[in-house]
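The values are calculated or read from the model by the stated rules, or taken from the named source; none is laboratory data. It should be emphasised that the depicted structure is a prediction, and the values quoted were computed from it without experimental measurement. When we count neighbours, we look across all protein chains shown, and the Cβ atoms used for this are built from the backbone with ideal geometry, even at glycine.
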Amino acid sequence: MTFVAKPKVHHPLLQFNEIGLTRRDYEGAVSTLCAGCGHDSVSAAVAIACNELAIPPHRFAKISGIGCSSKTPSYFLGASHGFNSVHGRMPSVATGANLANHELHCIGVSGDGDSASIGVGQFAHIVRRKVNMLYIVDNNGTYGLTKGQFSATNDRGSTSKRGVPNLYSPIDLVSMALQIGASFVARSFSGDKQQLVPLIKAAIMHKGFAFIDVISPCVMFNNHNGSTKSYQYVREHTASMVDAQLVMPHEQIEIEYAPGTLKEVDMPDGSVLRLRKISESYDPHDRVGALNHVQRAQEQGDVITGLLYVDPIASDIHEVLETPTAPLNQLGEAELCPGSEALTAVNAGFR
Amino acid sequence: MNPTDIHAPEYFHKVVDCQWACPAHTPVPEYIRMIAAGRYTEAYMINWESNVFPGILGRTCDRPCEPACRRVRTEEKPVAICRLKRVAADHKGDIEQFLPKVPKTKNDKRIALLGAGPASLAVARDLLPFGYTVDMFDQDPAGGGMMRSQIPAFRLPADVLEEEVDLIVNMGINATYNYEITSMKEMLDMNYDAYFVGTGAPRGRDLDLPGRREVDEHISIGINWLSSVAFGHTTSIEGKVIVMGGGNTAMDCCRTSKRLGAETVTVVVRSGFEVMKASEWEKEDAMSEGIPIINNRPPKEFVHENGKLTGVVFECVKPIEEDGRLKYIPTGEPDVFIECDHILMAIGQENHCPWIERDIGIEFDKWDCPILDEVTLQSTHPKIFFGGDSAFGPENIIWASAHAHQAAISIHLMCQGKDPKSDRPPDGLNLISQKMGVHEWAYDAEHDASKRYLVPHANRRRSLENIKVEVELGFDEILGSREAQRCLNCDVQTVFTEKLCIECDACVDICPMDCITFTPNAAEEQLRNILTAPAPNLEQALYVSEELETGRVMVKDEDVCLHCGLCAERCPTNAWDMQKSIIHIPQLGSYAE
């Protein structure tokens, strides 16, 4: 915990974004997590990404469950909407929020305990339902708040701080998301903002369910030699597959890549997602191939990162349910309660 | 870039901008912390050791430290360093026990100090505790030099001046006052082991314009006139007064005239307002007393009727920038005539030593300044040293103290048969961790966003009636402690230990000023552009670490660091630590046993 408040004063050359805000306007309260926690870097990356997207903070809804990860929405986007919900039930609340007002950008933050243990059922079903949101899992493989028990994403054979090995197979949320039908799946590392920030930007602008599994070391309980989620292990075993860069409609495309390595995906708001393949054999539009790749790497103890899968023509829950264009929370009494004649007609349809 | 050598004393010294800018290198943040803690006596002694005249300087210093203050770069106005110094002086307790002891038994070396101004006094203070016999000669009836003769009492009350001057004189100087030195040869014949010339810059410049000779009795040279006011020879000035010049002497002349009964006082300056030599606060004070300052008006002619001055004709010019330099060209407007009965000429002063014979081994340059070694202040005559305004031309009191410390070391080394240059002790550095507990620091790390506090002034009417009423009242203890909190503690350094860093980015994320970046190494020019925030201020160093595990380096831009300690607070491995840097600038005290 930090007792010194972060001063309001900022660098004299701090850049303003297109709507006249700075990165500092996207920060939240000072973190109460342990110093050096990977989750704080993820929070900082979200703040940087939202600032670069130049979306006003009050157009975001942050929703979380329980755990270290789920505390973090307090530490970014201080001027947005937030709901710290029940353990493992963030997906339900996020679904409700998105159904009520699809104009808000929904960011769900969860952890490996919240999503892979108590909330694993909720996780599976929100993927199926295609809720248009960014779902981040701060994945540290341990239960930090209860002093370092193995979580469900901890690799078999990885040891605790005291050297005791984990006996169970891990749940891989990336594989689950790919398998159940998520239209945007990425994995990243809290210690690599160069990769993480563009992924968050692209995920926020993606229409459909976007999932980012962020390996975020727990400095207190899971950053030792036997851990597969420590800063050192991840740095040594990480391989980036596809580099993603979101180019906003007004931005000039500056960097030229060698032909054949670059793919461009048009985003609904007119921006362009540029994908640069680092591994020649990898195709980010092939769901089955991606699944194979992820599983194979896992077997070898490697961590592959980057944008693993994106469906350029994804749909979301509102399209499936054919809801009206106007957000439901903006509909008046007349639209929501069309009267007894309409009810009779509906009932007649079921006879 | 190569890794930064933080153990070279000048590296962290430069980060403490105020101390670096102070000619005497006063450890400013250290004494400001003492003031915040109400430890005024200790704050005073830290000052006294470095700059010798805290009470005087707390009212009259030119404040090179304040424009250098980091706060100017992080937001707006600097910490009121000078006024805080005065707080220490005003509220200090008995300092007797802290003063250096002067031995009863003298060593066999005799030193002559020529002039009794701040430079000579400071040399005496440094030499006396080592048993030197110190004889001081001055033309005035009392010690203090220009501090006594040129600074009016409404800025520097007599009791403040006398307290600090007498303290040194009473350490055992053999002072000979009312003694006009007319020949250096004569002085050399007295056979001292070393001579220190601290006779100042006593010649005020004059202007030879048409009519100058005819109106001689109506024109006074500013510094001479101020001196005659200070010693009570002049007690009034009548009629309309024009003060020519734009420096601090001009400001003192106009405000003194106003207090001595002038009907009107006008300051006329050749140059533009912004480029006037006078300190900003001196200009403000003069104007707030209702004295007009007229700029861009070079004088052309003194107008007189039957030998009586009636006024001055001024030309109208405007500044233009040419090749980066200011040039003044006529505006084409007709000349202006300003009526007056008396003129005070305050257009600069020179050091002038007509009493030094040119054939005794002291060489002079083409500006008639003695040729000196800039470090040792030794002239081309090995026994003769210079300091203060007489060394390199008019500066200010704080420079006199700075020169004096260096000259005293040189004199001491020479008297010990050592070389004043090669045997000089080097600067030193101590780093002391400020960590007290998991989240506790030995300094007040929290950033105080308060604006600079205003200093209370004496009642305007009362102060304009009496030249002895001090205008600035100084901060009281409460205002002083509040202003002290604005200090950023730039001497508490961010020290980085490469081998502890796990590159978790916590410091990068928390730093409010975006000072820290982890990046592949590059040339400085390149690095300055790719940091989290660009670092265009080339005067401020980049702190570059050794290569880290990922092959990157940590680069910290020192420019706008608040020294808030958040990087160290958020560091899980203590790779960042806040350490107080104590810079040891050698003084003769360093030799004391």
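Scanning for something of a type in the set (S, T, N, Q), within 29 Å of B:ILE384 (Cβ to Cβ) and surrounded by 20 or more Cβ atoms within 10 Å (Cβ to Cβ), does the stretch B:218-226 turn up at least one residue?
Checked the stretch B:218-226: no residue is of a type in the set (S, T, N, Q), within 29 Å of B:ILE384 (Cβ to Cβ) and surrounded by 20 or more Cβ atoms within 10 Å (Cβ to Cβ).
So which residues in the stretch B:551-575 are at the interface with chain A (Cβ under 10 Å from one of its Cβ atoms) and in a strand (DSSP E or B)?
Passing the criteria: only B:ASP557.
Considering only residues that are modelled with pLDDT of 75 or more and either closer than 12 Å to A:VAL310 by Cα or touching a Leu at 6+ places or on another chain (Cβ under 7 Å) (or both), which ones fall in the stretch A:275-287?
A:ASP283, A:PRO284, A:HIS285, A:ASP286, A:ARG287
Out of the stretch A:9-23, which residues are more than 8 Å from every other protein chain (Cβ to nearest Cβ) and either part of a helix (DSSP H, G or I) or free of Cβ contacts under 8 Å to residues at least 40 places away in the same chain (or both)?
Answer for the stretch A:9-23, where residues must be more than 8 Å from every other protein chain (Cβ to nearest Cβ) and either part of a helix (DSSP H, G or I) or free of Cβ contacts under 8 Å to residues at least 40 places away in the same chain (or both): A:GLN15, A:PHE16, A:ASN17, A:ILE19, A:GLY20, A:LEU21, A:THR22, A:ARG23.
Taking B:ALA112 as the residue in question, decide whether it is in contact with a strand residue (DSSP E or B) (Cβ under 6 Å, 6 or more places away or on another chain) and assigned to a helix (DSSP H, G or I).
Spelling it out, it is not the case that B:ALA112 is in contact with a strand residue (DSSP E or B) (Cβ under 6 Å, 6 or more places away or on another chain) and assigned to a helix (DSSP H, G or I).
Pick from the stretch A:1-26 the residues that are among the β-branched types (Val, Ile, Thr) and out of contact with any Gly (no Cβ under 9 Å at 6 or more places or on another chain): which of them is modelled with the lowest pLDDT?
So, considering only residues that are among the β-branched types (Val, Ile, Thr) and out of contact with any Gly (no Cβ under 9 Å at 6 or more places or on another chain), the one modelled with the lowest pLDDT is A:THR2.
Evaluate the stretch B:84-101: report whether one residue or more is in a helix (DSSP H, G or I), touching a residue at least 60 places away in the same chain (Cβ under 8 Å), farther than 19 Å from B:GLY474 by Cα and not charged (D, E, K, R).
Scanning the stretch B:84-101, I find no residue that is in a helix (DSSP H, G or I), touching a residue at least 60 places away in the same chain (Cβ under 8 Å), farther than 19 Å from B:GLY474 by Cα and not charged (D, E, K, R), so the answer is no.
Does B:GLU483 fit the bill of being out of contact with any strand residue (DSSP E or B) (no Cβ under 8 Å at 6 or more places or on another chain), more than 30 Å from A:ALA47 (Cα to Cα) and at pLDDT below 95?
no
Do any strands (runs of 3 or more DSSP E) lying entirely in the stretch A:44-122 carry at least 1 residues that are β-branched (Val, Ile, Thr) and crowded, with 20+ Cβ neighbours inside 10 Å, and which ones are they?
The strands (runs of 3 or more DSSP E) meeting that bar are A:60-64, A:105-111.
Within the stretch B:449-477, can you find the residues that are more than 26 Å from the chain's Cα centre (by Cα) and surrounded by fewer than 17 Cβ atoms within 10 Å (Cβ to Cβ)?
Matches in the stretch B:449-477: B:ALA449, B:ASN459, B:ARG460, B:ARG461, B:ARG462, B:GLU465, B:ASN466.
What residue, among those in the stretch A:214-237 that are within 11 Å of A:GLY144 (Cβ to Cβ) and polar (S, T, N, Q), is nearest to the other protein chains (Cβ to nearest Cβ)?
Ranking the qualifying residues of the stretch A:214-237, first place goes to A:ASN223.
Would you mention how many residues in the stretch B:431-486 are of a type in the set (Lys, Arg) and away from chain A (no Cβ under 14 Å)?
Looking only at that region, the number is 6.
Taking the conditions exactly as written (more than 14 Å from A:PHE60 (Cα to Cα) and touching a residue at least 24 places away in the same chain (Cβ under 8 Å)), does A:SER70 satisfy them or not?
Yes: the conditions hold for A:SER70.
Just to be sure I understand, how many residues within the stretch A:283-306 are out of contact with any Phe, Trp or Tyr (no Cβ under 7 Å at 6 or more places or on another chain), under 22 Å from A:TYR233 (Cβ atoms) and either in contact (Cβ under 8 Å) with a residue 24 or more places away in the chain or buried (at least 20 other Cβ atoms within 10 Å of the Cβ) (or both)?
Of the residues in the stretch A:283-306, 9 are out of contact with any Phe, Trp or Tyr (no Cβ under 7 Å at 6 or more places or on another chain), under 22 Å from A:TYR233 (Cβ atoms) and either in contact (Cβ under 8 Å) with a residue 24 or more places away in the chain or buried (at least 20 other Cβ atoms within 10 Å of the Cβ) (or both).
Tell me, yes or no, whether the stretch B:192-207 has at least one residue that is within 30 Å of B:LYS283 (Cβ to Cβ), of a type in the set (Val, Ile, Thr) and out of contact with any Pro (no Cβ under 6 Å at 6 or more places or on another chain).
yes
Of everything in the stretch A:24-40 that's assigned to a loop (DSSP other than H, G, I, E, B) and facing chain B (nearest Cβ under 10 Å), which residue is nearest to A:SER216 (Cα to Cα)?
The residue in question is A:CYS37.
If only one of B:ALA506, B:ALA533, B:ALA541 is within 35 Å of the chain's Cα centre (by Cα) and at the interface with chain A (Cβ under 9 Å from one of its Cβ atoms), which one is it?
Every option except B:ALA533 fails the conditions.
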